[in-house]
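The values are calculated or read from the model by the stated rules, or taken from the named source; none is laboratory data. Being a predicted model, the structure only gives us computed values, none of them experimental. Every residue, glycine as well, gets a Cβ built from its backbone with ideal geometry; the counts of neighbours run over all protein chains shown.
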Amino acid sequence: MLRLQRACIVVLFLGFVSRGDAFAQTSGFSYSYVIPFVTSENNTRTNLGLNGYNQISWVKGVNPIASVRVRLFDQQGQLAGSGNYSVQPNQLVQINNIISALGGSIGTGWLEIRADEPIAAWASVIFNSTNDPSIELAIDEQIGKPTPQLEGIARGTESTRLLIDSSVKTPTFQSSLVVVNLASTGGPFSIKTYDNNGLLIETKSASINAGGMYVNNDIRSGVPGTFGPIVIEPGPGTPLRLVAESIVQSANGTGAFFPAYTLPNAGFPSVAGIWQGSVTGTLFNGQIRVEIHQERQTFYGVITLVSGNFPTTQRSIEMYGLNYANQPGIVQNTNLEDTDPGKTIYSLRVALAGGGGNQQAQGFMFYQDSKGRTDLAQVTLTRSGSLF
């Protein structure tokens with residue numbers, strides 16, 4: 001049984017399940033969140049908070065009231081309780097002792113939260129003897145969203161790498177690990193433990209079934225007296241979607257959560273900076289400047305058309321991120337309305353490839369507009385500076 005007195009890393013394998021009730025389709029709900037860890041064991045209780053913030057909805061209009069369903073699952077992935085709530089904009093709905101409030105009789109589990117309007121959610125795991133809380137923010141997890149839009153996932157795969165910033169094994173602190181698989185298939189995964197200098201000091205291999213759970217109450221037991229990050233990786237060819245967080249706790253029961261974040265695929269390059277060069281095509285033919293911002297595997301930035309011939313009257317075009325096949329790309333999310341008298345609607349996409357330390361990038365720029373014009377232009381860029 002997982003003890004709260006030890007830090008725990010909670011990892012959920014997210015997807016559609018073919019058995020059980022874990023991710024059954026729920027009518028009317030389009031927003032999905034996960035609280036990976038709730039407990040009432042070892043002299044603790046867990047409260048849940050739901051915050052409304054959305055001011056306008058296409059469906060409900062101004063000041064929409066969110067309908068929220070909260071479902072509790074046990075360590076085997078079976079439904080253990082549920083409840084329905086309404087949350088107004090700027091309201092906080094707090095449900096104390098969430099496990100019993102949902103009618104659950106389990107000691108430890110996790111929460112799936114579905115809503116028909118966007119909300120924020122959090123939990124507080126409280127040590128009863130001292131009333132010390134550990135605040136746990138919900139993970140915004142849109143189950144089943146298209147694979148290319150998942151952080152850390154390249155088109156053609158569904159695997160993620162996760163980083164836990166810190167774990168520990170000392171007389172004062174200890175870390176535990178919990179892995180929950182809520183998909184229709186199982187498979188192997190690895191737990192790579194590093195020291196604080198970045199040296200890999202231990203690799204654990206494990207396998208998990210569909211709907212199953214892996215628990216290790218002392219994840220660094222083989223390397224006592226150490227601290228450092230943990231990387232969790234699915235096995236080769238294993239279609240896993242993972243989220244994670246860590247509870248780091250002391251021997252007296254107090255602690256705090258470490259949120260994990262998704263790492264880019266190992267071969268994905270970093271590309272942030274200012275790039276300048278040429279674009280050569282039929283409609284596009286000139287010099288451009290590209291500012292690329294990068295947040296893990298998401299890109300966004302600004303393309304400035306410096307000189308030459310271009311079909312748009314706009315000379316500064318904001319771009320939004322996409323990744324494709326382990327190469328950075330920038331794609332316009334929505335069609336733009338140009339400022340010319342004809343009110344041309346156009347879309348623009350740039351895809352780049354490069355890396356290897358040569359500070360060069362090549363690719364293409366694709367353009368199409370409402371006047372029937374299209375262009376596939378070649379792009380050649382050289383990194384000219386940093387952003388800040």
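Please determine whether any residue of the stretch 218-236 is more than 21 Å from D195 (Cβ to Cβ) and either assigned by TED's automatic domain parsing to the domain that holds L352 or without any contact (Cβ under 8 Å) to a residue 12 or more places away in the chain (or both). Looking for residues that are more than 21 Å from D195 (Cβ to Cβ) and either assigned by TED's automatic domain parsing to the domain that holds L352 or without any contact (Cβ under 8 Å) to a residue 12 or more places away in the chain (or both), one finds at least one in the stretch 218-236, hence yes.
T262 meets the conditions (1) assigned to a strand (DSSP E or B); (2) surrounded by fewer than 17 Cβ atoms within 10 Å (Cβ to Cβ) in every case but one. The failed one is (2).
When restricted to residues that are under 31 Å from the mean Cα position of the chain (by Cα) and surrounded by 13 or more Cβ atoms within 10 Å (Cβ to Cβ), the stretch 336-378 contains 20.
Q314 is checked against (1) within 30 Å of T130 (Cα to Cα); (2) not β-branched (V, I, T); (3) not in a strand (DSSP E or B) and fails just one. What number does that condition carry? Tallying (1) within 30 Å of T130 (Cα to Cα); (2) not β-branched (V, I, T); (3) not in a strand (DSSP E or B), Q314 fails exactly one: (1). Residues of the stretch 306-344 that are under 13 Å from G363 (Cα atoms) and modelled with pLDDT of 70 or more: none at all.
The requirement of being free of Cβ contacts under 8 Å to residues at least 12 places away in the same chain, over 21 Å from the mean Cα position of the chain (by Cα), assigned by TED's automatic domain parsing to the domain that holds Q378 and closer than 24 Å to G372 by Cα is fulfilled somewhere in the stretch 295-317, by at least one residue.
Taking the stretch 63-137 and the strands (runs of 3 or more DSSP E) fully enclosed by it, the elements with 2 or more residues that are of a type in the set (D, E) and in contact with a strand residue (DSSP E or B) (Cβ under 8 Å, 6 or more places away or on another chain) are at 132-137.
All told, P236 falls short of being more than 19 Å from the chain's Cα centre (by Cα), farther than 16 Å from F258 by Cα, part of a loop (DSSP other than H, G, I, E, B) and at pLDDT 90 or above. Of all residues in the stretch 169-182, those satisfying the criterion of being at pLDDT 75 or above and polar (S, T, N, Q) are T170, T172, Q174, S175, S176.
In the stretch 34-62, what count of residues is obtained for those that are surrounded by 13 or more Cβ atoms within 10 Å (Cβ to Cβ) and either within 21 Å of G103 (Cβ to Cβ) or in contact with a strand residue (DSSP E or B) (Cβ under 8 Å, 6 or more places away or on another chain) (or both)?
Selection size over the stretch 34-62: 20.
Do you know which of the residues in the stretch 239-253 that are touching a strand residue (DSSP E or B) at 6+ places or on another chain (Cβ under 8 Å) and not in a strand (DSSP E or B) is surrounded by the most Cβ atoms within 10 Å (Cβ to Cβ)?
Checked the stretch 239-253; the qualifying residue surrounded by the most Cβ atoms within 10 Å (Cβ to Cβ) is L240.
Yes/no matrix, rows are residues, columns are (1) in a loop (DSSP other than H, G, I, E, B); (2) more than 27 Å from A377 (Cα to Cα); (3) among the polar types (S, T, N, Q):
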| site | (1), (2), (3) |
| --- | --- |
| F257 | no, yes, no |
| I292 | no, no, no |
| G301 | no, no, no |
| S307 | no, no, yes |
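Looking at N97, N54, N47, just one residue is in contact with a Lys or Arg (Cβ under 7 Å, 6 or more places away or on another chain) and either modelled with pLDDT of 95 or more or farther than 25 Å from V179 by Cβ (or both), and that residue is N97.
Among the conditions (1) at pLDDT 90 or above; (2) in a strand (DSSP E or B); (3) at negative phi, the only one that G228 does not satisfy is (3). One residue alone among T160, T193, T185 is modelled with pLDDT under 85, surrounded by 13 or more Cβ atoms within 10 Å (Cβ to Cβ), in contact with a strand residue (DSSP E or B) (Cβ under 9 Å, 6 or more places away or on another chain) and hydroxyl-bearing (S, T, Y), and that residue is T160. The set of residues from the stretch 345-388 being assigned to a loop (DSSP other than H, G, I, E, B) and at pLDDT 85 or above comprises Q359, S370, K371, G372, R373, S386, L387, F388.
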